[in-house]
Amino acid sequence: MIDQLIGFLSYYIPEIMSIVLMTTLLVFEAAVKDENAPRIKIHVYTQLVLGVVLLNLFLNLGEKPLHIFHNAVTIDPFSTLVKIIMTIGTMGAVFLSHNSKDIYRNLKSEFSIMAVGVLVGGMLLASANNMLTLYLGIETLSILSYVMSSFKRDEASSAEAGMKYALYGGLSAGVALFGISHLYGVFGSIQFVEMIDKVPALEGVSLAIVLVSFLMFFVGIGYKISAFPFHMWTPDVYQGSPIPVTSFFAIVPKMAGLAALIRVTFVFTQEGSVLTIPWVGLILVISALTMTVGNVTAIGQTSVKRLLAYSSIGHVGMMILGIVVMNNEGIQAILFYGIVYLFMTLIAFYITSHLSDMYGTDSYDVFRGLIYKHPVMAIIMASVLFSLAGLPPFSGFIAKFNIFSVIIAKKHYGIALIAAINSVIALYYYMKLAKTMIFSEGEGEEKVLGFTPLNQTVIILLFVPVLFLGIFWDSAMALAGNAALFIK
Amino acid sequence: MNGILNWILWLPIVGMIAVLVTPKAKEQTIRLLTLFTTTVTLLLSVLLYLKFDTSTADMQFVTKVPWIAQFHINYFIGIDGITMLMAFLNALLFFICTLSSWTIEKNVKAYFALLLMLQSTVFGVFFSLDFFLFYVYWEVMLLPMFFLIGIWGGENREYAAIKFFLYTFFGSIFMLVGIIALYYATGKGADSFNILALQGGKFTELTVDVFGKTFSFEHLFFWFMFLGFAIKVPVFPFHTWLPHAHVQAPTAVSVILAGVLLKMGTYGFLRIAFPIFPMAAVESSTIIAVLGLISVIYGAFCAMAQDDVKKLVAYSSVSHMGFVMLGLAAMTTQGVNGAVLQMFNHGTSTAMMFLLIGILYERSHHRWIVKPDGSRGYGGLSTKLPKYTTVFIIGMFASLGLPGLSGFISEALIFLGIYQKFTTITVIAVIGLLIGAAYLLWMFKRMFFGDVNPEIEEYEDMNGREVFYMLPLCFAVIFFGIFPSPLLNVMKASVGQLVDLLAKF
């Protein structure tokens, strides 16, 4: 028994290392004498350990799927790939936090501690295989996120962001827990593997209860991935939070929530299950509304952070379309989208962050005439915007193409048309930002301080996959395709 | 042998990279590099014409290399008679545009890099035989256009650039849905993105459900494709982006836009919409003809109402592209031959008009025939600028279809073709020709005749460079007006194949 548990631990190295990292960071931070020291060593240490975690995850990609800790946790290529995306996202956010003025100097280590903590929660969520682990993941993820969003503690907007996030989060997590408890009541188990077997036998009242419980459960997840109508918090929280936090929120909790949604969908709505039609119908409608609301609202924004918040809502709407088709191609499309979305989001936030640090605001005006000051950065930002809009030859197009491809394969032409119109709307607002950057003449010749050679190199390195995956997407598709879901 | 097509496609990209690595301050080097690239491309396309086998409708100079094996997407390019003409037109116009852009002073490096990128993507659209590749080129083409209009355009350039971009993107996203639907309709096989293999009316039996209603697969996706291409042509009522884009775009970009980009729309009908969905095309031919007719008449009337000479020529493009649509809708040998010929001839004659307006604009810095305050913008140009007037007369008469110049032959062929199918439409369309003559002559009278406007006293006549790049176009409109056979021979086999296919439905 003990031997077996220790054996399982070897599959759990990424999570364990992250927790160790978190605790050691706490100790190191306590040892820092000067409160305003730059904390370079701490950041290098964080990146190194996360790098090892990443390496470990890559090595695990080839592993056969299995359940560990009495079926509480699944380790499969799907969860491993999601964890890789989240780890890279965390590394990116930590790197950004080092330079960003949005994170106060005395809070730099705290940012890393919190981020790694959220990452652990995300990892838990991605490989959750029973309802309790799932809930634990959601809560670990959320509680630390609330703190992160109010990091700029002397600014009202940041405090408001934290408050809003906590209120919404607490409420939706409560509703989700309520749903989960009813599920336990009906199924008599919290283990996914045991619950699946009992689904076909559902009928009458218990079926009705299960349907309502799933709806409640969806509230919790929908809030995490900011799906309509649980997206209201997103723009305020994104705008109020410091930019490194926003970039982190746009990636890690979203991917974790998506992973959980995908897993739950595939566990309970197998071919012919009584839950399939209502659940898939729900996601279909939610997806159409999420992308439409996100994209339409994005048009009128004047703050780039809010714009990216609404656009991220639009992207989530697009991604969850991949769930509707209920097959491995759909998951493949979502995962590919996730990989591409990770790089695009990081670049967009990096550039916004350096500009907003320089000018103290994140309105469109700070982008004015960027092409004349930093042509390479402006071209990269414009490319990323066009990639987000789904234009070839950038990888955003391939991501969109894959989603279209899987839904049209299942002959969902109506939703394909809605998605098509949405991508036209999205192009419009991305183009408005690109236009500000390139068509307008900027005032003054001063260079943006944040674009140091190191930062520019990192941005260019992050841009390589955005371009490369748009032209040669064979290998990344194969990677996403291998990350098939494991249920039984 | 096959490599020549790849050279033509990729040489502009090589040129673009060469321009990008050249230091920004060396503007003359950048211009010469671009000129060198476009010249070599033009020579290669002449070589292509000489090596082209006119006796077959099959694709020639084919290259097929797997790109994304999992989805059976190939790098698959080749040309037939129709593409041959378009490729030559593209090479010629970019060569001329490089010369005409010599006076660009703002951001020379970026301008020429984008121009070369645009040339390569336009070649890509015409050469692609893989639907995915075609779509990628179709979309990528928007990026250089967006920046060329938006950075080097006129006062209202941002609006024009965004409108152009959004309109085309709106059309093409429907096309994307169609492309994917075709991919699955053919069973994801090895030829699912192969444009040639999709042709021939293979989807007449299928149906699709959208929002609970059942449609014919053939008709639904024909109209999806139609939307994508009709916006590009542009066919009424999708033409509203065109005047803005033209008026705001710098001269060279207007030339490319009217000269080749609009042809991509009609080319899409010829290569994709008609051959893949022949039944829907035949059944919709009346609608296409009526839309073409409206474009002809409405475009001509709009042109007549313009005070801005560039806008006038822009609307005349709507009118002339309407003739191409009429020729296509006829679906007869003469009609389609006339349409393809009109695509080429409109490319040369409208390019002349836009270049001439650009030349005049460089001297006057306005384009008003009648200024907003009611005074004359020009007047008496013919006495001051004799060389300019001579070239303008050639371009204008080619444009209005004077016998002996190129426009006449293609329009005559179109009328011959359409008369067999739609007599009434033919009769009304002839009125379009008349209005065309009216607005062009009226414009000519107001600008070139009458008392000499004091404002034009200082204008210089065309310089050597300007004469040099106008000469090939003058030669083309006169020569092909008398001997159209070099063009007709090239396209004969390919057009014949399409007409035969359509005749079966």
Qualifying residue in region A:450-469 (condition: part of a loop (DSSP other than H, G, I, E, B), more than 11 Å from chain B (Cβ to nearest Cβ) and not hydrophobic (A, V, I, L, M, F, W, C)): yes
Inspect region B:16-23 for any residue being under 30 Å from residue B:492 (Cα atoms) and not in a helix (DSSP H, G or I) and give the result as yes or no. no
Among (1) buried (at least 19 other Cβ atoms within 10 Å of the Cβ); (2) of a type outside the set (Lys, Arg); (3) within 30 Å of residue A:235 (Cβ to Cβ), the one test that residue A:187 misses: (3)
Just to check your reading of the model, which residue among B:468, B:480, B:475 is of a type in the set (Phe, Trp, Tyr) and surrounded by 15 or more Cβ atoms within 10 Å (Cβ to Cβ)? B:480
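To keep it simple, each residue is scored yes or no on (1) surrounded by fewer than 17 Cβ atoms within 10 Å (Cβ to Cβ); (2) in contact with a strand residue (DSSP E or B) (Cβ under 6 Å, 6 or more places away or on another chain).
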site: B:5; (1), (2): no, yes
site: B:20; (1), (2): yes, no
site: B:31; (1), (2): no, no
site: B:38; (1), (2): no, no
site: B:41; (1), (2): no, no
site: B:45; (1), (2): no, no
site: B:50; (1), (2): yes, no
site: B:56; (1), (2): yes, no
site: B:67; (1), (2): no, yes
Which count do you get for residues in region B:155-181 that are facing chain A (nearest Cβ under 7 Å), over 12 Å from residue B:244 (Cα atoms) and among the aliphatic types (A, V, I, L, M)? 6
Please list, ordered by first then second residue, the pairs with beta carbon atoms under 7 Å, 6 or more apart or interchain, first in region A:394-409 and more than 7 Å from chain B (Cβ to nearest Cβ) and touching a residue at least 12 places away in the same chain (Cβ under 8 Å), second in a helix (DSSP H, G or I) and of a type in the set (Asp, Glu). A:406/A:329
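If the requirement is being touching a Lys or Arg at 6+ places or on another chain (Cβ under 7 Å), more than 13 Å from chain A (Cβ to nearest Cβ) and farther than 28 Å from residue B:339 by Cβ, which of these qualifies: B:116, B:99?
Going through B:116, B:99 in turn, just one is touching a Lys or Arg at 6+ places or on another chain (Cβ under 7 Å), more than 13 Å from chain A (Cβ to nearest Cβ) and farther than 28 Å from residue B:339 by Cβ: B:99.
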Considering B:242, B:262, B:227, which residue is in contact (Cβ under 8 Å) with a residue 40 or more places away in the chain, touching a Phe, Trp or Tyr at 6+ places or on another chain (Cβ under 9 Å), crowded, with 22+ Cβ neighbours inside 10 Å and not charged (D, E, K, R)? B:242
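Residues are listed down the side, and each one gets a yes or a no for (1) modelled with pLDDT of 90 or more; (2) more than 14 Å from chain B (Cβ to nearest Cβ):
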{"residue": "A:428", "(1), (2)": "yes, no"}
{"residue": "A:435", "(1), (2)": "no, no"}
{"residue": "A:439", "(1), (2)": "no, no"}
{"residue": "A:445", "(1), (2)": "no, yes"}
Single residue of region A:95-108 satisfying the filter (surrounded by fewer than 23 Cβ atoms within 10 Å (Cβ to Cβ) and in a helix (DSSP H, G or I)) that is modelled with the highest pLDDT: A:95
Residue check: is residue B:112 out of contact with any Ser or Thr (no Cβ under 8 Å at 6 or more places or on another chain), surrounded by 24 or more Cβ atoms within 10 Å (Cβ to Cβ) and on the phi < 0 side of the Ramachandran plot? no
Of the residues in region A:470-488 that are among the hydrophobic types (A, V, I, L, M, F, W, C) and within 14 Å of chain B (Cβ to nearest Cβ), the one that is nearest to the chain's Cα centre (by Cα) is A:480
Within region B:298-311, considering residues that are out of contact with any Lys or Arg (no Cβ under 9 Å at 6 or more places or on another chain) and surrounded by fewer than 24 Cβ atoms within 10 Å (Cβ to Cβ), the one farthest from residue B:286 (Cα to Cα): B:306
Any residue in region B:124-143 that is buried (at least 21 other Cβ atoms within 10 Å of the Cβ), more than 10 Å from chain A (Cβ to nearest Cβ) and of a type in the set (Ser, Thr, Tyr)? yes
Conditions first: (1) crowded, with 17+ Cβ neighbours inside 10 Å; (2) on the phi < 0 side of the Ramachandran plot. Residue B:430 passes all but one, so which condition is the exception? (1)
Helices (runs of 4 or more DSSP H) contained in region B:275-373 and holding at least 2 residues polar (S, T, N, Q): B:285-304, B:309-330, B:333-364
Considering only helices (runs of 4 or more DSSP H) wholly within region B:80-160, the ones with at least 3 residues that are under 23 Å from residue B:466 (Cβ atoms) and in contact with a Gly (Cβ under 8 Å, 6 or more places away or on another chain) are B:81-100
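The values are calculated or read from the model by the stated rules, or taken from the named source; none is laboratory data. Please read these numbers as outputs of a predicted model, since none were measured by experiment. Quick reminder, even Gly has a Cβ in these numbers, built from the backbone with ideal geometry, and neighbours come from all protein chains shown.
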